[in-house]
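Inspection log for the structure reproduced underneath, given as structure tokens.
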Amino acid sequence: MCNVLAIDPSEIKPTDRGARARIEEAGKRYARRLEDAAKLRCLELARVEAAQKAIEQEAAFKLAVVVAKYRMVEVLGASPKNVIREIAEKHGLTPAHLTGAQRTAFIAHARQEAMFEIRRRHPALSLPQIGKLFGDKDHTTVLHAIRTHAERSGQELPASNYYDRRPKWVRG
């Protein structure tokens, strides 16, 4: 860029119009180059800012996903076994009481509540899977427990299926 003004202005005589024109032309070329360089810098800066904004948005989204997952675990509980423990403590029992075979009303009601809560908090678990958590109870026993607790407590029944298992021709 230093070669643009190779002619020293003090050496130009008033009669040397060609040199003056060359200097003016070189100045114009230099100004155009500076303007083009400034435009390129602006474009690069805009690209960098756009990339930075995209990275910030992606990071914010990933953070939101992590927070949502954390809150989901916090709301739903870490596992069905934690639900059993929580309900057992609420009723002054041990988890062994809920998973055992005793059928006294107090224990049966607590067990029904635990089955209801597990179904509500973990809808992906099938009724047989919930039954296995309670000492190999039959799925119909689990279904009866969920319905009975919902009726007794006045709550809505939890979702019956995590996936719609009907054939495609029925779902439409």
Test: residue in segment 55-64 that is in contact (Cβ under 8 Å) with a residue 12 or more places away in the chain, assigned to a helix (DSSP H, G or I) and among the aliphatic types (A, V, I, L, M) | no
Test each condition in (1) in a loop (DSSP other than H, G, I, E, B); (2) buried (at least 20 other Cβ atoms within 10 Å of the Cβ) for Ala88 and report the one that comes out false.
-> (1)
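Every number in this text was worked out from the coordinates using simple rules, so none of it is lab data. Predicted model, so just to flag it, every value in this text is computed and none were measured. Here Cβ is always computed from backbone atoms with ideal geometry, including for glycine, and neighbour counts include all displayed protein chains.
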